[in-house]
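> Quick one: the structure is below, questions incoming.
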Amino acid sequence: MRYLASQENAVETIQAAVRLGINHIETARGYGRSEEYLGAALTGGLGVERSRLHITTKISPTMDGDSMGRYIDESLQRLQLDYIDCLAIHGLNTFEHLDLVLAKNGCLQAVGKALEDKRIHHLGFSSHGSQELIQAAITTDLFEFVSLHYYYFFQRHAPIIHLASTKDMGIFIISPADKGGKLYQPSPELEKLTQPFQPLELTYRFLLSDQRITTLSLGASNPAELIRPLQMAEQTQELSPQEIAILQKLAQHQKQVLGTEQCSQCYKCLPCPENIHIPEVLRLRNLAVAYHMTDYGQYRYGMFENAGHWFPGMKANRCTECGECLPRCPENLNIPKLLADTHNRLQGRTGRRLWQSI
Ligand code: SF4
Ligand code: SF4
């Protein structure tokens with residue numbers, strides 16, 4: 001998604017990635033010219049056999065099977081491949097999307113045909129949706145892998161990791177460095193708290209040490225951005241006592257700094273009649289207050305009202321103080337007050353996705 005500056009840059013980044021040991025390259029129909037550039041890199045020769053590479057592309061749910069069939073062939077053409085290892089339904093973000101996928105004569109029919117004639121080898125889905133939706137999609141048993149958000153700073157989807165692993169699914173984590181906390185540029189406070197480790201290192205280790213997780217994505221926009229994360233790629237051993245102690249210290253610090261204003265992320269306050277995603281707003285507040293992750297908070301908060309089903313929910317200043325959420329909060333939080341405070345802290349920027357979904 002991020003190597004799109006030019007075809008030359010994309011090819012150089014992919015060549016460097018494979019040279020450095022990466023064997024799984026993920027793109028999407030919706031990422032501008034990404035598939036085409038990957039196709040150019042693949043035909044230029046990457047110095048490894050095709051069978052040693054795993055190529056994934058993603059296609060958004062379509063209204064009908066014919067469109068999906070056509071899109072699969074277009075992806076194959078752009079990638080200049082005769083088969084794609086993994087096809088993900090891209091952005092299975094709402095129950096309507098799931099219905100579309102499951103509908104009779106819907107897009108799964110075309111996917112089934114492509115699986116049968118081996119144009120694609122495995123089917124999965126990516127989702128930015130709710131836990132309930134992702135669980136519902138997994139329990140259809142139609143998918144072999146799932147791509148989702150799950151990080152040290154966002155552990156809401158821990159039950160999904162468990163469910164997917166019990167079904168022996170591939171588990172692909174979306175953008176641990178960036179979406180997981182903008183950790184290439186950590187706040188000085190966070191850097192201080194994770195000493196002697198870097199925040200990025202520690203959060204990679206949180207994921208790498210989890211044997212249920214099969215793939216971490218690394219969204220390099222140029223060859224240089226591959227170097228630092230790959231220095232950690234082999235560190236899949238269990239967390240050391242020192243790493244565990246620092247992760248515990250981080251949690252303790254958050255508790256101490258936030259005191260009676262800490263949102264425990266139980267999600268019991270939903271639904272809000274103004275469609276405010278209260279737990280996500282307050283997660284960003286937790287991180288901004290406890291670890292000074294204000295930059296990350298502004299980046300994510302700016303996506304409310306700007307990214308559709310990719311990041312649903314209204315901004316916190318839409319709260320009418322109706323009070324409906326209050327009796328549902330086991331922490332007795334003054335939710336309207338905390339929402340107003342979050343809006344003041346994080347309203348700085350308006351975010352959009354890097355690419356436009358279809
Ligand atoms: S008080 Fe505000 S956040 Fe709570 S339910 Fe009403 S509008 Fe939503
Ligand atoms: S109910 Fe309270 S503690 Fe739970 S997610 Fe909502 S605001 Fe946070």
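> Give me the percent of DSSP beta bridges within the stretch 7-236 that run antiparallel, rounded to the nearest 5.
Bridges in the stretch 7-236 are about 5 percent antiparallel.
> Turning to a different aspect of this structure: So which chymotrypsin sites (Phe, Trp or Tyr not before Pro) in the stretch 79-154 pass both tests, a DSSP loop state and at most 15 other Cβ atoms within 10 Å of the Cβ?
When the chymotrypsin sites (Phe, Trp or Tyr not before Pro) of the stretch 79-154 are filtered for loop state and at most 15 Cβ neighbours within 10 Å, Y83 remain.
> Hey, what D do you get for the stretch 1-116 in µm²/s if you plug the Kirkwood alpha-carbon radius into Stokes-Einstein at 37 °C and 0.692 mPa s?
222
> Assuming a viscosity of 1.306 mPa s and a temperature of 10 °C, what translational diffusion coefficient in µm² per second does Stokes-Einstein assign to the stretch 243-346, Rh being the Kirkwood radius over Cα pairs?
Values: Rh = 14.1 Å.
It comes out at roughly 113 µm²/s.
> For the stretch 338-344, take each phi angle, set θ = phi - 60°, evaluate the Karplus expression 6.51 cos²θ - 1.76 cosθ + 1.60, and give the result in whole Hz per residue in order, putting x for glycine and proline.
For the stretch 338-344, the Karplus curve yields 5, 5, 4, 5, 5, 4, 4 Hz.
> Still on this model: Semi-axes of the chain's equivalent ellipsoid from the Cα gyration tensor, sqrt of 5 times each eigenvalue, largest first, rounded to whole Å?
On the way: eigenvalues 239, 128, 67 Å².
Semi-axes from the Cα gyration tensor: 35, 25, 18 Å.
> For the stretch 24-85, I need the span (max minus min coordinate) of the C-alpha atoms along each principal axis, in Å, sorted largest to smallest.
39, 21, 17
> Roughly what percent of Cα-Cα pairs across the stretch 159-205 reach past 11 Å?
Numbers: 759 of 1081 pairs.
That fraction is 70 percent.
> Given the DSSP H assignment, sum -39500 (n - 2.57) over each helix run of at least 4 residues in the chain and divide by its residue total; what's the result at 222 nm in deg cm²/dmol, nearest 500?
Numbers: 14 runs with 150 residues, N = 358.
Computed ellipticity for the chain at 222 nm equals -12500 deg cm²/dmol.
> Here's another thing I want to ask about it. Enter the per residue convex hull volume of the stretch 136-246, computed from alpha-carbon coordinates, in Å³ rounded to the nearest integer.
115
> From largest to smallest, what semi-axes in whole angstrom does the stretch 48-145 give when each is the square root of 5 times an eigenvalue of its alpha carbon gyration tensor?
Listed largest to smallest, the semi-axes of the stretch 48-145 are 23, 15, 11 Å.
> Could you list which residues have their amide H under 5 Å from that of G124, counting only those 5 or more apart in sequence or on another chain, with H placed in the peptide plane?
Amide H neighbours of G124, under 5 Å, 5+ apart: L87, A88, I89, E144, F145.
> Further question: Would you mind checking K113/K167; K268/K315; K192/K268; K113/K179; K58/K167; K167/K192 for any pair whose Cα atoms are more than 28 angstrom apart? Walk me through the numbers on the way to the answer.
Working: K113/K167 23 Å; K268/K315 19 Å; K192/K268 33 Å; K113/K179 34 Å; K58/K167 21 Å; K167/K192 39 Å.
The answer is K192/K268; K113/K179; K167/K192.
> Here's a follow-up. Taking the Cα centre of the stretch 243-346 as origin, sum charge times position over the Cβ atoms of Lys and Arg (+1) and Asp and Glu (-1), and report the length of that vector in debye to the nearest 20. Working shown, then result.
Details: 11 positive and 10 negative charges, 24 e Å.
Rounded to the nearest 20 debye, it is 120 debye.
> Now for a different question. From the backbone phi of the stretch 90-103, what are the Karplus-calculated ³J(HN,Hα) couplings (6.51 cos²θ - 1.76 cosθ + 1.60, θ = phi - 60°) in whole Hz, Gly and Pro given as x?
For the stretch 90-103, the Karplus curve yields 8, x, 7, 9, 9, 5, 5, 4, 5, 4, 4, 5, 7, 4 Hz.
> Here's something else I'd like to know. Among Y150, A251, L53, which residue has its Cα furthest toward the positive end of the charge dipole of the chain, with +1 on Lys/Arg Cβ and -1 on Asp/Glu Cβ?
Of the listed residues, the answer is A251.
> Contour minus end-to-end for Q235 and W310, with contour as 0.36 nm per residue of separation and end-to-end as the Cα-Cα distance?
Working: separation 75, 0.36 × 75 = 27.00 nm, distance 3.15 nm.
Contour length minus the Cα-Cα distance gives 23.9 nm.
> Starting from 0.36 nm per residue, how many nanometres of slack lie between E132 and K255 once their C-alpha separation is accounted for?
Between E132 and K255, full extension yields an extra 41.5 nm.
> Would you list K104, K118 from the most to the least accessible area, probe 1.4 Å? Walk me through the intermediate numbers first.
Details: K104 180, K118 125 Å².
Ranking K104, K118 by accessible area, largest first, yields K104, K118.
> Go through the stretch 234-275 and name the trypsin sites (Lys or Arg not before Pro) that are in a DSSP coil and have 15 or fewer other Cβ atoms within 10 Å of their Cβ.
Numbers: sites: K249, K255, K268; in loops: K268.
Answer in residue order: K268.
The values are calculated or read from the model by the stated rules, or taken from the named source; none is laboratory data. The shown structure was predicted, so the numbers you read here are calculated from the model rather than taken from an experiment. Note that we place each Cβ from the backbone using ideal geometry, even for glycine, and neighbour counts take in every protein chain shown. Each accessible area value is taken on the protein alone, full model and side chains, heavy atoms only, with ligands, DNA and RNA left out. Shrake-Rupley method; radii C 1.70, N 1.55, O 1.52, S 1.80 Å.
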